[in-house]
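This report refers to the structure that appears directly beneath it.
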Amino acid sequence: MCGIVGVLGNHEVAPILVEALKRLEYRGYDSAGIATVNKGTLSRRRAVGKLVNLSDLLVHEPLAGKSGIGHTRWATHGAPTVGNAHPHRAGSVAVVHNGIIENFKDLRADLGKRGISFETDTDTETVALLCESLIRDGHAPVDAARATVAQLDGAFALAFLIEGEEDLIIAARKGSPLAVGHGAGEMFVGSDAIALAPFTDQITYLEEGDFAVLTRTSLDVWDSRGDKANREKRQIQLDNARVDKDGHKHFMAKEIAEQPVAIDRALKAYCGADGDITLPDDLDFTKIDRLTMVACGTAFYACMVAKYWFEQIARMPVEVDVASEFRYREPPVADNTLALFVSQSGETADTLAALRYMEGKAKQIVGLVNVPESSIARESNVVLPLHAGPEISVASTKAFTCQLSILLMLALKAAQQRGIALPDGMPGDLRALPGLVHQSLAGEKQIASSARSLAKAQDIIFLGRGQLYPLALEGALKLKELSYIHAEGYASGELKHGPIALIDEKVPVVVLAPRDALFEKTVSNMQEVMARGGKVILVTDAEGAKLAGDGTHEVIIMPQVPDALAPILYAVPAQQIAYFTAIAKGTDVDQPRNLAKSVTVE
């Protein structure tokens, strides 16, 4: 969600701030702005829409200064307007904020009693007004900011810029990520390392509850108890922070194409050439009686697939929960439960809150994340990096297939540790997976052609059975995200229990049906659709097409694949259907409306 950047630099800071904000566009936003201090004077510029609108404004109304903060806003409180855009200002204080201040109405009421008025609908303006009121009462800027943060409830990352203070940025985090970059006589702050990568490879990640004071030559941090803290400075790999499209039209196209390489990298991290799966030594499934998996969105569907693997291959009982519901349900936790939390960013607010609920209850907490320095990684007992590389498009592709690949390896290892025979060919068949995914990418021309007719539909249904049922949900989610067409995914056996009422000649139905043990049953449900005039797009292998392709509207041929690998392989056409349908409709592929890549508020 909202992206934060701050710079105490040696050069004019406005273009630097805009460049950093461009690297945070993937988080999702609907307005943007920057503020600078120049010769003691605080000024700001804000614009609604894409960053190009802010860039155009800065051409006509430039901002000078070598100290500044910037922000891309994803609206929570208040509509996306210039007035509600960040930075928010009250007198000498400018603030940028990621998160939600839950007690802002109470704070606003208290400020109102003191005769302080408001100009916006946002919770963030309250922060600026409160800090400014404390400065007017005689507090020094750092003390005023500290006292302000102490009164805030909710989740937030904050950066303060103060008029007259050209060598000062104040930052604080609670629930939302924030990183500090160290340069040569310069200092930077940002929502993540990607924003800071062009400027420095020396990063300090602020911890939960930290309050930080930055100057060009120093960083002082106090922890949640108010004690001085010594946070580690880490060197990041700049190659891992590249965010260019490498010649592709969209980041999503690039990330779909990168999946064979990303999956190969994930396999090599956990599975040797001899097929031996290697996990951290303290991850022992012989001591685990039950597995609880928690995630949001696409990662939740990865967990749903993994439930089949763990139960069928490792004979381990599994519970899968949506993170936003899990902790409020206050589920009892059985002895010897392993809790597995899956998140691309490692900062997903609901998933992180669910992890904290499980602290002290689960025997072990495992984080499966793409960012090893993230909050979920730091708060887990065991961290399993995805090795997917940066994923910029809002719609997850290579992170999803890497999640699936590693979860399958976990299920196979669990079976081995528990003395259960693996499916024939496993884990050796994993080595063929990158090549199979590469083959599946070749179907994009046919899918692009099909997408032109799908783009005209108002409703689309995805069907799948067994391990392919979660893929039907994922395919529908992708299509909704990117094309704004209403789509639903169903277990194909559930069709006759209600959804079949939706079927007519105007409703395309995408059927995911590899030639597996459930193929005939899936085909029977597909025939029920066709009997009612539904246009079926059958995604299957050559043998499945030969047996069931007659009478379908279209058949997309996939490589033959071992049953356990099918969900990973069939993710590719689900992604391509969504991508090319969005292209046909002309929607924003990489940054769909109303969505954010990293959901850091509940």
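Quick rundown of the values:
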item: Residue 137 within 22 Å of residue 222 (Cβ to Cβ), open to solvent by 10 Å² or more (accessible area, probe 1.4 Å) and touching an Asp or Glu at 6+ places or on another chain (Cβ under 9 Å); result: no
item: Residue list for the stretch 1-43, filter: more than 24 Å from residue 90 (Cβ to Cβ), out of contact with any helix residue (DSSP H, G or I) (no Cβ under 7 Å at 6 or more places or on another chain) and open to solvent by less than 10 Å² (accessible area, probe 1.4 Å); result: 27, 28
item: The stretch 442-464 residues that are under 17 Å from residue 501 (Cβ atoms), paired with ones that are of a type in the set (Ser, Thr, Tyr) and assigned to a helix (DSSP H, G or I) (beta carbon under 6 Å, 6 or more apart); result: 463/492
item: Where residue 148 falls short, out of the listed (1) touching a residue at least 24 places away in the same chain (Cβ under 8 Å); (2) under 26 Å from residue 8 (Cβ atoms); (3) surrounded by 23 or more Cβ atoms within 10 Å (Cβ to Cβ); result: (1)
item: Residues of the stretch 256-280 classified as under 24 Å from the mean Cα position of the chain (by Cα), open to solvent by less than 20 Å² (accessible area, probe 1.4 Å) and among the aliphatic types (A, V, I, L, M), total; result: 5
item: Some residue of the stretch 497-504 being out of contact with any helix residue (DSSP H, G or I) (no Cβ under 6 Å at 6 or more places or on another chain), under 25 Å from residue 311 (Cβ atoms) and at pLDDT below 95; result: yes
item: Residues that are among the β-branched types (Val, Ile, Thr) and in a loop (DSSP other than H, G, I, E, B), drawn from the stretch 4-34; result: 13
item: Residue list for the stretch 165-184, filter: buried (at least 24 other Cβ atoms within 10 Å of the Cβ) and in a loop (DSSP other than H, G, I, E, B); result: 176, 177, 178
item: Set 246, 223: member being over 20 Å from the mean Cα position of the chain (by Cα), of a type in the set (D, E, K, R) and at positive phi; result: 246
item: Residue check for residue 430: surrounded by 18 or more Cβ atoms within 10 Å (Cβ to Cβ), over 26 Å from residue 369 (Cβ atoms) and of a type outside the set (Ser, Thr, Tyr); result: no
item: Those residues of the stretch 528-547 which are without any contact (Cβ under 8 Å) to a residue 24 or more places away in the chain and open to solvent by 50 Å² or more (accessible area, probe 1.4 Å), in sequence order; result: 531, 542, 546
item: The stretch 578-602: number of residues that are at pLDDT 65 or above, under 14 Å from residue 76 (Cα atoms) and open to solvent by less than 60 Å² (accessible area, probe 1.4 Å); result: 3
item: Scan of the stretch 188-240 for residues that are modelled with pLDDT of 90 or more and among the β-branched types (Val, Ile, Thr), ordered by number; result: 189, 200, 203, 204, 213, 215, 217, 221
item: Total residues in the stretch 375-419, condition of a type in the set (D, E, K, R), out of contact with any Ser or Thr (no Cβ under 8 Å at 6 or more places or on another chain) and over 15 Å from residue 262 (Cα atoms); result: 3
item: Near pairs, Cβ below 6 angstrom, 6+ apart or cross-chain, from the stretch 185-202 (part of a helix (DSSP H, G or I)) to any residue that is among the polar types (S, T, N, Q) and buried (at least 24 other Cβ atoms within 10 Å of the Cβ); result: none
item: Top-ranked residue of the stretch 93-113 - restricted to ones that are of a type in the set (Gly, Ala, Ser) and open to solvent by less than 20 Å² (accessible area, probe 1.4 Å), ranked as nearest to the chain's Cα centre (by Cα); result: 99
item: Residue among 348, 337, 298 that alone is open to solvent by 10 Å² or more (accessible area, probe 1.4 Å), among the β-branched types (Val, Ile, Thr) and farther than 26 Å from residue 573 by Cα; result: 348
item: For residue 430: the one exception among (1) part of a helix (DSSP H, G or I); (2) touching a residue at least 60 places away in the same chain (Cβ under 8 Å); (3) touching a helix residue (DSSP H, G or I) at 6+ places or on another chain (Cβ under 8 Å); (4) within 26 Å of residue 356 (Cα to Cα); result: (4)
item: Evaluation of residue 480 against (1) modelled with pLDDT under 95; (2) surrounded by fewer than 21 Cβ atoms within 10 Å (Cβ to Cβ) (one fails), failing number; result: (1)
item: Options 249, 228: the member that is out of contact with any strand residue (DSSP E or B) (no Cβ under 8 Å at 6 or more places or on another chain) and surrounded by fewer than 15 Cβ atoms within 10 Å (Cβ to Cβ); result: 249
item: Residue within the stretch 95-102 that is without any contact (Cβ under 8 Å) to a residue 60 or more places away in the chain and closer than 23 Å to residue 190 by Cβ present; result: yes
item: Strands (runs of 3 or more DSSP E) wholly inside the stretch 51-164 that include at least 1 residues being at pLDDT below 90; result: 67-73, 93-101, 154-162
item: Positions within the stretch 244-273 being within 30 Å of residue 364 (Cβ to Cβ) and either of a type in the set (Asp, Glu) or assigned to a loop (DSSP other than H, G, I, E, B) (or both), in sequence order; result: 264, 272, 273
item: In the stretch 465-501, the residues that are within 16 Å of residue 298 (Cα to Cα) and part of a strand (DSSP E or B); result: 487, 488, 489, 490
item: Residue in the stretch 505-513 that is over 26 Å from residue 397 (Cα atoms) and either assigned to a strand (DSSP E or B) or open to solvent by 20 Å² or more (accessible area, probe 1.4 Å) (or both) present; result: yes
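Quick grid of which residues meet (1) open to solvent by 10 Å² or more (accessible area, probe 1.4 Å); (2) on the phi < 0 side of the Ramachandran plot:
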position	(1), (2)
46	yes, yes
49	yes, no
52	yes, yes
63	yes, yes
67	no, yes
72	no, yes
91	yes, no
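Quick grid of which residues meet (1) more than 25 Å from residue 156 (Cβ to Cβ); (2) of a type outside the set (Val, Ile, Thr); (3) within 18 Å of the chain's Cα centre (by Cα):
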residue: 304; (1), (2), (3): yes, yes, yes
residue: 309; (1), (2), (3): yes, yes, no
residue: 312; (1), (2), (3): yes, yes, no
residue: 320; (1), (2), (3): yes, no, no
residue: 332; (1), (2), (3): yes, yes, no
residue: 347; (1), (2), (3): no, yes, yes
residue: 350; (1), (2), (3): no, yes, yes
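The values are calculated or read from the model by the stated rules, or taken from the named source; none is laboratory data. No experiment lies behind these values; they were computed from the predicted model shown. Here Cβ is always computed from backbone atoms with ideal geometry, including for glycine, and neighbour counts include all displayed protein chains. Ligands, DNA and RNA are stripped out before the accessible areas are found, and what is left, the full protein with its side chains, is counted by its heavy atoms. Shrake-Rupley method; radii C 1.70, N 1.55, O 1.52, S 1.80 Å.
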